[in-house]
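Comments concern the structure below.
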Amino acid sequence: MVKIHNIDQGTDEWLAQRAGKYTGSNASKLLKHGRTEKAQAKLESTPKNYWMQRGTDLEPYAIVAYELVKDLRVERPGFVTNDLYPDCLYSPDGWHDDTLIEVKCFGEKKHTEVNARKIPNEILAQVHFGMIMCEKKNATLVMFNPDLDPKKALKIIKVKRDPRLIKRLVMLMQGGSNDN
């Protein structure tokens, strides 16, 4: 069962809840290192660099732009837990109906390079982890860069569900090993 926790992301309480858990942000590490400390979230906050702060600042604008274009309302919980995966926690950028929303606010080069056939593996792992935790069938990558021409500033990419990746993540999230 999915449980919604409306705790603001980045707060001390949110960080404490994440500590020692496997999270969407670390899904690629979970795939690489298995269920080890290397793949767990740490208690201390990650030092924010320019790009991380930019993403935090622009995410609400990206969601509003997506809502306007799609004419829908995105729900934005602080984080979710799922009884099937007690060692895991996920902080979705948002969702509507049966679709998970993941927002990225890259610089121009990466924003331009990413498309439906060229989504970085780290993002694919994060999105699939989120679909599992939130029990969503679909996912959309919302890319936003307000520095670009308005016609190119917002990219909405449907993420193709990967059953093999889902199977690997579920096995790891439930406590299995990283053997393929």
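Numerical summary
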item	result
Qualifying residue in the range 24-45 (condition: open to solvent by 80 Å² or more (accessible area, probe 1.4 Å), under 27 Å from ALA153 (Cβ atoms) and outside any helix (DSSP H, G or I))	no
1 or more residues of a type in the set (D, E, K, R) and within 26 Å of GLN17 (Cβ to Cβ): qualifying helices (runs of 4 or more DSSP H) within the range 51-155	121-134
LYS48 vs. criteria at pLDDT below 95, part of a helix (DSSP H, G or I) and open to solvent by 80 Å² or more (accessible area, probe 1.4 Å)	no
The range 146-166 residues that are within 20 Å of PRO120 (Cβ to Cβ), paired with ones that are of a type in the set (Gly, Ala, Ser) and open to solvent by less than 60 Å² (accessible area, probe 1.4 Å) (beta carbon under 6 Å, 6 or more apart)	LEU154/ALA65; VAL159/ALA139
Selection count where residues are among the acidic types (Asp, Glu) and within 28 Å of ARG164 (Cβ to Cβ), scope the range 1-55	1
Residue ID - nearest to TYR61 (Cα to Cα), chosen from residues in the range 100-111 that are in contact (Cβ under 8 Å) with a residue 24 or more places away in the chain and open to solvent by 20 Å² or more (accessible area, probe 1.4 Å)	LYS104
Residue selected from the range 134-180 under the condition under 22 Å from LEU72 (Cα atoms), out of contact with any Asp or Glu (no Cβ under 9 Å at 6 or more places or on another chain) and of a type in the set (A, V, I, L, M), by the criterion surrounded by the most Cβ atoms within 10 Å (Cβ to Cβ)	MET143
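The values are calculated or read from the model by the stated rules, or taken from the named source; none is laboratory data. Here the structure is a predicted model, which means the values were calculated and not measured. Cβ: placed from backbone, ideal geometry, glycine included. Neighbour counts: every protein chain shown. Ligands, DNA and RNA are excluded from the accessible area calculation, which covers all protein heavy atoms including side chains. Shrake-Rupley method; radii C 1.70, N 1.55, O 1.52, S 1.80 Å.
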